[in-house]
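Heads up, the thing below is written out as structure tokens.
Values quoted throughout were computed directly from the atomic coordinates according to the rules given, and no laboratory measurement underlies them. Just so we're clear, the structure is a prediction, and the values are computed from it rather than from any experiment. A quick note on method: Cβ atoms are made from the backbone with ideal geometry, for glycine too, and the neighbour counts reach across all protein chains shown.
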Amino acid sequence: MAFCETEWAHPDYPGVKKLAYPVAGGGEDWALAWPGDEDTWVVHLHGHGSTGDQLFTREDVRTLWLPAYRAAGYGVLSPHLRGNAWMCPQAVEDLSLLLAEVRRRFGARRFAFVSGSMGGTGNLIYAVRHPEEVAALVALCPATEVAGYTAWCGAQTTGIIGEIYQALVTAYGGTPDKQPERYAAHSAVGHADRLTMPVYLCHGDADTLIPVTESHRLLAALPPNADFTYRELPGGGHDAPLYQLEFLDWLRERMSRISAGGSPASAE
């Protein structure tokens with residue numbers, strides 16, 4: 001199939017397009033695209049258990065984040081991306097093709113990735129797989145070493161962590177001991193030198209879903225000259241970074257600087 005663009009027709013969000021697009025291995029997926037006044041776009045990857053409309057339908061993030069994006073004139077891209085795929089190899093391929101289409105169709109020149117949890121994990125994975133396509137990224141409460149996080153989840157037997165473990169093993173085609181090269185290729189810690197773009201990371205130190213040690217591992221692996229901002233929230237649980245809105249000011253400042261000077265992640 002070819003890319004297909006239709007109106008999403010949500011009463012609160014006129015102008016949002018729904019894109020249906022072909023995916024690696026056959027079949028199709030979808031994304032929501034909301035053009036802005038600028039050629040900078042924010043890519044929002046949803047969390048585990050959510051879908052591609054999370055940014056528009058989850059009350060807290062749509063209330064806190066969307067107005068800031070629109071005030072800055074950014075376009076917004078919110079892909080479904082195979083559901084709970086945790087930026088597996090097929091999801092990386094799908095997203096690369098989708099970004100190319102958004103450039104062609106809407107004139108996007110640079111992409112900033114802003115997401116939390118599974119989405120923040122995906123931001124980091126995509127950035128180390130395709131650093132040339134990421135102008136800046138915000139990762140809130142992410143997993144940074146997907147093999148180690150999968151093993152940690154595997155030690156849990158019930159609840160959401162057990163569900164995440166099953167999703168990871170399914171998406172990556174097996175456990176880390178069965179697919180070591182695949183997991184290693186998607187480790188932000190293992191490829192921290194590829195995080196050459198500005199990065200903002202925030203984690204609560206009481207996060208029981210993705211431990212704060214995930215962020216500590218990435219901090220230890222970063223080269224000394226990285227443009228990297230880290231905030232740790234004392235007593236903060238998994239969702240705490242979503243409400244700490246310093247990252248929105250950080251994003252505006254970094255993207256203004258990149259836009260003024262030319263972006264290494266632009267389509268040019």
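Arrange Cys141, Cys153, Cys4, Cys88 by Cβ neighbour counts within 10 Å, fewest through most, would you?
Details: Cys141 31, Cys153 21, Cys4 12, Cys88 25.
By the 10 Å Cβ count, ascending: Cys4, Cys153, Cys88, Cys141.
Looking at the square roots a ≥ b ≥ c of the eigenvalues of the Cα gyration tensor of segment 11-97, which shape do they give, rounded for a/c under 1.5, prolate if a/b is larger than b/c, or oblate?
Working: a/c = 1.99, a/b = 1.58, b/c = 1.26.
It is prolate, given that a/c is not under 1.5 and a/b is the larger ratio.
Based on alpha-carbon atoms only, what is the radius of gyration of the chain relative to the globular estimate 2.2 N^0.38 Å?
Numbers: Rg = 17.2 Å, N = 268, 2.2 N^0.38 = 18.4 Å.
The value comes to 0.94.
Could you work out the local net charge near Asp239, counting Lys and Arg as +1, Asp and Glu as -1, over the other residues with Cβ closer than 10 Å to its Cβ?
Values: positive: none; negative: Asp60, Asp207.
Result for the neighbourhood of Asp239: -2.
Can you tell me, using C-alpha contacts under 8 Å and at least 6 residues apart, the relative contact order of segment 150-248 as a whole percent?
Working: 100 pairs, mean separation 24.9, N = 99.
The normalised contact order for segment 150-248 reaches 25 percent.
Only bridges whose two residues both fall in the chain count here: according to DSSP, what percent of them are antiparallel, nearest 5?
Values: 14 of 36 bridges.
Bridges in the chain that DSSP calls antiparallel: roughly 40 percent.
Looking at Tyr183, Gly237, Val199, which one has the Cα that reaches farthest to the positive end of the dipole of segment 152-268 (charges on Cβ: Lys, Arg +1; Asp, Glu -1)?
The residue sitting farthest along the positive end of the dipole is Tyr183.
Just rank Trp86, Trp65, fewest to most, by other beta-carbon atoms within 10 angstrom.
Trp65, Trp86
Can you give the log10 of the normalised intensity I(q)/I(0) at q = 0.14, 0.22, 0.28 Å⁻¹, computed with Debye over equal Cα scatterers of segment 126-181?
-0.46, -0.91, -1.11
List the extent of the Cα atoms of segment 45-86 along each of their three principal axes, largest first, rounded to whole Å.
Here the spans come out as 31, 19, 12 Å, largest first.
Using the 10 angstrom Cβ neighbour count as an exposure proxy, how do His216, His203, His80 rank, fewest first?
Starting with the residue having the fewest Cβ neighbours, the order is His216, His80, His203.
Could you work out the pair-distance distribution P(r) of segment 113-265 from its alpha-carbon pairs, with 10 angstrom bin width and percents rounded to whole numbers?
With 10 Å bins starting at 0, P(r) equals 12, 41, 34, 12, 1, 0.
With a point put 7 Å past each Cα toward its Cβ, work out how far Asn225 is from Tyr243 in nm, to one decimal.
4.0 nm
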